[in-house]
Amino acid sequence: MARESIREWLAASPVRLAPMASYTNVPFRQVAVACGSGYTTNEEIDADALSRDNERALLSAQTPPPESGIDLGVVAMQLLGCTEETMVPAALRLVEAGAHIVDVNMGCPVPKIVKRGKGAALMRDVASTAQLLTAIRRAIPDTPLTIKIRSGWSDEHQNAVEVARMAQDVGVDAITVHPRTRAQLYAGRAPWDVIGDVVRAVDIPVTGNGDVLSLADARRMMDETGCVSVMIGRGALGRPWVFDPTYGALDDEAKYAYEIDVISRHLDLMEAIFAPNEAAFQAKKHLMYYSHGWPGATLIRRELFDKRWMSEVREVFAMRLRPLRPAGGVPFATSAASTVVE
Ligand SMILES: Cc1cc2nc3c(=O)[nH]c(=O)nc-3n(C[C@H](O)[C@H](O)[C@H](O)COP(=O)(O)O)c2cc1C
């Protein structure tokens, strides 16, 4: 049965890229998958926007055509919303558009989102959310349906276990837990014990997430909590090679060649997929992360930000940024994952 496939997909490649709005678009996901990430999730798609045929939502809901040469493998698409009227047709549209998995965002903490009852606000009203998930489940009976939750709304209102049990009861096939509360946003350490609590409470597969910066961290999270898979978010920005178990064993020269090859392929993909202005905008954002910790990169990043076209961005990368990459690699403590960009 198609819904059972999710267990195989999770087991086949247990560490994967977390969805990150305005970062985890097709080019970055393709790069992450090529480095070894398990199935990826696109950036959140607002069901209301999709119902209005909003251009950005439609773009996010597209899968690359076969002639593009891009192969993302299994694709999860994430929906943001709170009403059956928009979420049910949106889920159907995502399946039609090629989603192998539909994921419901129950963790987004952004004020303008939760104010409208979406994202993490779905964890506050468990009964209504149960109805919403039941309606989506009925509409897409053969497609794996997953949710991504936080530990709760606030320190005083932590209900990840209750929400997880409810989700299992209404037919959700797998759960990802990012164990910060909505009030914590991305600050402080993610209390992994909440992931273990959810694992023990349900029989469906649980993915853990939060503060994982390496495959060794991912292994530790799986050992400590019993989760079957792990998502890496900020720790993959500027270092998608985090998913490659062979990367750590490479010598400095091979690491350098590997990284430059990945960055170059990422630039090529952005140029191939996006309109010219969007390609340059995206490339600048990702180069900020790739060059994090490279000595002297701050000044050049400012220069980069004035550029409007990919040809200019590529020139700054090749002539100015790339020569700064330190021979021994970038010590991770100073690298991208310590920064939240949202
Ligand atoms: C810039 C940014 C955008 C994000 N966008 C989404 C999103 O669209 N959907 C979602 O479920 N989580 C989103 N998240 C949360 C991440 O998926 C992840 O749960 C969080 O960053 C914690 O994991 P980490 O410590 O590995 O980064 C976002 C996080 C960041 C930093």
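Structural remarks
- Packing-based ranking of 59-70, 213-224 yields 213-224, 59-70, ordered from highest to lowest mean Cβ neighbour count within 10 Å.
- Each of the peptides 247-257, 130-140 was scored by the mean count of other Cβ atoms within 10 Å over its residues; in descending order, highest first, they stand as 130-140, 247-257.
- Take every DSSP beta bridge whose two residues both sit in the chain; close to 5 percent of them are antiparallel.
- FRET efficiency, Val126 to Asp193 (Cβ-Cβ, R0 25 Å, nearest 0.05): 0.70
- Spacing of the two label points (7 Å from each Cα toward its C-beta) at Ala327 and Val110, in nm: 4.4 nm
- Label point at Arg220 placed 7 Å out along Cα→Cβ; residues across segment 20-45 whose backbone nitrogen lies under 11 Å: none
- Note on the chain: Cα-Cα pairs beyond 28 Å make up 41% of the total pair count.
- At R0 = 51 Å, FRET efficiency that the Cβ-Cβ distance of Glu156 and Asn277 yields, to 0.05: 0.65
- Contact order normalised by residue count of segment 1-124, Cα under 8 Å, 6+ apart, percent: 20 percent
- Residue ranges 229-241, 101-113 sort as 229-241, 101-113 when ordered by packing (mean number of other C-beta atoms within 10 Å per residue, highest first).
- Separation of alpha-carbon centers, segment 11-87 and segment 131-178, rounded to whole Å: 19 Å
- Debye log10 I(q)/I(0) at q = 0.13, 0.19 Å⁻¹ for segment 26-127, Cα point scatterers: -0.48, -0.93
- Ellipticity at 222 nm from helices only: DSSP H runs of n ≥ 4 in the chain, each -39500 (n - 2.57), divided by the residue count, give -12500 deg cm²/dmol.
Where a number appears in this text, it was derived from the coordinates with a stated rule and is not lab data. The shown structure was predicted, so the numbers you read here are calculated from the model rather than taken from an experiment. Cβ sites come from the backbone with ideal geometry, for glycine too, and all protein chains shown count toward neighbours.
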